[in-house]
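Okay, so here's the structure we're looking at.
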């Protein structure tokens with residue numbers, strides 16, 4: 001089976017449960033994830049992979065920040081560069097694991113990661129109210145001192161655990177490397193792109209892209225990636241098999257399929273937690289509404305290969 005004759009083009013957004021908290025744990029977890037991903041290919045599908053980078057980008061940012069305090073040869077590294085670094089090493093681990101699984105199953109395809117810039121608008125309201133916490137915890141005194149030294153920093157209390165730097169979380173507008181990604185897909189590559197939501201960049205009038213310290217939600221970036229490469233499906237893989245309403249209550253109900261209209265109503269009714277399921281459902285809605293015949297799936301990584309048979313996952317459709 002050639003990629004050129006694929007049944008479906010699927011963008012797969014890997015959740016944090018598919019990645020570890022350190023390089024050793026991550027390699028063990030992506031080895032497991034690669035089997036599920038290659039299972040989807042063996043069914044005749046073409047896949048593009050995106051992933052989160054929550055703990056990884058935080059570790060990179062913190063490492064440079066702490067090292068710079070004691071070693072003058074080390075300087076703090078800004079968030080766009082930290083995101084690029086995380087894309088590189090997570091992509092490296094995914095490439096190795098997927099290539100090994102392809103070899104074991106006798107599949108000939110190539111695997112490559114694209115260090116991906118994602119365009120955001122400087123007019124995005126998120127820039128007026130940075131709310132995404134990153135990096136170290138500080139005392140109030142330390143936070144005040146840092147903000148006096150750098151007027152651009154926003155440091156606020158984070159859930160009673162201390163003070164942390166807050167950065168904006170703008171919506172994705174476009175994928176800068178989209179032509180490269182599509183070209184690779186058309187030439188039998190499994191592409192890993194938009195890691196960690198992508199490197200946030202703003203397009204200047206000159207045509208230059210300038211990195212900005214922000215964090216793009218991984219699921220929204222994956223939806224934009226799926227729209228851009230004209231995917232048939234967006235798979236958002238997480239720790240649960242299906243989306244539920246009335247979660248954790250006696251009347252909890254798992255959902256097999258729901259329309260965009262139903263999904264929007266459940267969001268308005270407050271069924272999904274803002275820090276976990278809500279952005280996944282909203283990203284799924286955005287993708288389905290972006291073109292005719294598009295579907296989104298929220299499912300567990302382990303059972304992703306059962307989705308097409310209706311045995312796992314929640315499918316979101318236009319009607």
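The values are calculated or read from the model by the stated rules, or taken from the named source; none is laboratory data. Model, not experiment: these values are computed from the prediction. Note that each Cβ is placed from the backbone with ideal geometry, even for glycine, and that neighbours are counted across all protein chains shown.
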Original post:
Of all the residues that make up segment 41-63, how many are over 26 Å from residue 216 (Cα atoms) and either in contact with a helix residue (DSSP H, G or I) (Cβ under 6 Å, 6 or more places away or on another chain) or part of a loop (DSSP other than H, G, I, E, B) (or both)?
Top reply: 3
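Conditions (1) at pLDDT 90 or above; (2) surrounded by 19 or more Cβ atoms within 10 Å (Cβ to Cβ); (3) in contact with a strand residue (DSSP E or B) (Cβ under 7 Å, 6 or more places away or on another chain); (4) in a loop (DSSP other than H, G, I, E, B), marked per residue:
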| position | (1), (2), (3), (4) |
| --- | --- |
| 74 | yes, no, no, yes |
| 81 | yes, no, no, no |
| 86 | yes, yes, no, no |
| 90 | yes, yes, yes, no |
| 100 | yes, no, no, no |
| 141 | yes, no, no, no |
Subject >> Qualifying residue in segment 213-227 (condition: under 12 Å from the mean Cα position of the chain (by Cα) and in a strand (DSSP E or B)) >> reply: no
Subject >> So residue 240, is it over 15 Å from the mean Cα position of the chain (by Cα), in contact (Cβ under 8 Å) with a residue 24 or more places away in the chain and not in a loop (DSSP other than H, G, I, E, B) >> reply: no
**OP:** Specify which of the listed residues (208, 232, 174) is assigned by TED's automatic domain parsing to the domain that holds residue 30, more than 27 Å from residue 93 (Cα to Cα) and modelled with pLDDT of 95 or more.
**Re:** 208
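One line per residue, one yes/no per condition, for (1) without any contact (Cβ under 8 Å) to a residue 12 or more places away in the chain; (2) within 17 Å of the chain's Cα centre (by Cα); (3) surrounded by fewer than 18 Cβ atoms within 10 Å (Cβ to Cβ); (4) in the same structural domain as residue 32 (by TED's automatic domain parsing):
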| site | (1), (2), (3), (4) |
| --- | --- |
| 60 | no, no, no, yes |
| 67 | yes, no, yes, yes |
| 94 | no, yes, no, yes |
| 111 | no, no, no, yes |
**OP:** Kindly list, by first and then second residue, each pair from a residue in segment 251-262 that is not assigned by TED's automatic domain parsing to the domain that holds residue 289 to a residue that is surrounded by 14 or more Cβ atoms within 10 Å (Cβ to Cβ), limited to pairs with Cβ atoms under 8 Å and residues at least 6 apart or on different chains.
**Re:** none
Original post:
Just for segment 17-51: of the residues that are more than 17 Å from residue 112 (Cα to Cα) and under 17 Å from the mean Cα position of the chain (by Cα), which one is surrounded by the fewest Cβ atoms within 10 Å (Cβ to Cβ)?
Top reply: 21
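Say we look at segment 287-304 and pick out the residues that are assigned to a helix (DSSP H, G or I) and touching a residue at least 60 places away in the same chain (Cβ under 8 Å); which of these is surrounded by the most Cβ atoms within 10 Å (Cβ to Cβ)?
Top of the filtered list is 287.
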Subject >> Subset of segment 160-201 [free of Cβ contacts under 8 Å to residues at least 60 places away in the same chain, in a loop (DSSP other than H, G, I, E, B) and in contact with a helix residue (DSSP H, G or I) (Cβ under 7 Å, 6 or more places away or on another chain)] >> reply: 168, 169, 170, 171, 172
